[in-house]
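Here is the structure we will look at.
The values are calculated or read from the model by the stated rules, or taken from the named source; none is laboratory data. Not measured: the values here are computed from a predicted model. Neighbour counts are summed over all protein chains in view; Cβ atoms, including those assigned to glycine, are modelled from backbone coordinates with ideal geometry. These area figures cover heavy atoms from the full protein model, side chains too; ligands, DNA and RNA do not enter into them. Shrake-Rupley method; radii C 1.70, N 1.55, O 1.52, S 1.80 Å.
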Amino acid sequence: RFGGRDAPAAYNNTPEPSADAPTPLQVLLNKELRSALGMAVQALPTSCRSGFVLREVEGTSVAETAAALRCTESNVKVRLLRARVRLRTRLAGFAPARTFPFLGLRCDRMVLGVLARLSPQPDSFGLN
């Protein structure tokens, strides 16, 4: 029996999971998304891929990217836009409906604001 005072020390010292810690499902989805994103980036044409990696992964400026690729800054912007469109299209079916976390207080404030605007109006049944 592993309850109360008879529980082994290993069970008593197990830390509670943090509220900020990702759930196992989130860890799995993040791993799958990283893999899918990596494959999608590799599938980009070289001109789009190099600009995307320099700008979004390496964090170079438009001017630095243009110098590295020996093209104009406008061309870098066009390549980056094309890369993003291709990635968005390729990954569109990947994300589940509830990809984004609940924003807690922000959502609650929004709901309360909407309800406050609606409350002075009588409902259609005349109950308010």
Tell me, yes or no, whether segment 68-79 has at least one residue that is open to solvent by less than 70 Å² (accessible area, probe 1.4 Å), at pLDDT below 85 and part of a helix (DSSP H, G or I).
no
Here are the criteria: (1) within 18 Å of LEU91 (Cβ to Cβ); (2) open to solvent by 80 Å² or more (accessible area, probe 1.4 Å). Tell me which single one GLU64 does not satisfy.
(1)
Selected residue [modelled with pLDDT of 75 or more and in a loop (DSSP other than H, G, I, E, B)] from THR99, THR65, THR60, THR89
THR60
Qualifying residue in segment 19-37 (condition: more than 26 Å from LEU87 (Cα to Cα), out of contact with any Leu (no Cβ under 7 Å at 6 or more places or on another chain), of a type in the set (Gly, Ala, Ser) and modelled with pLDDT under 90)
yes
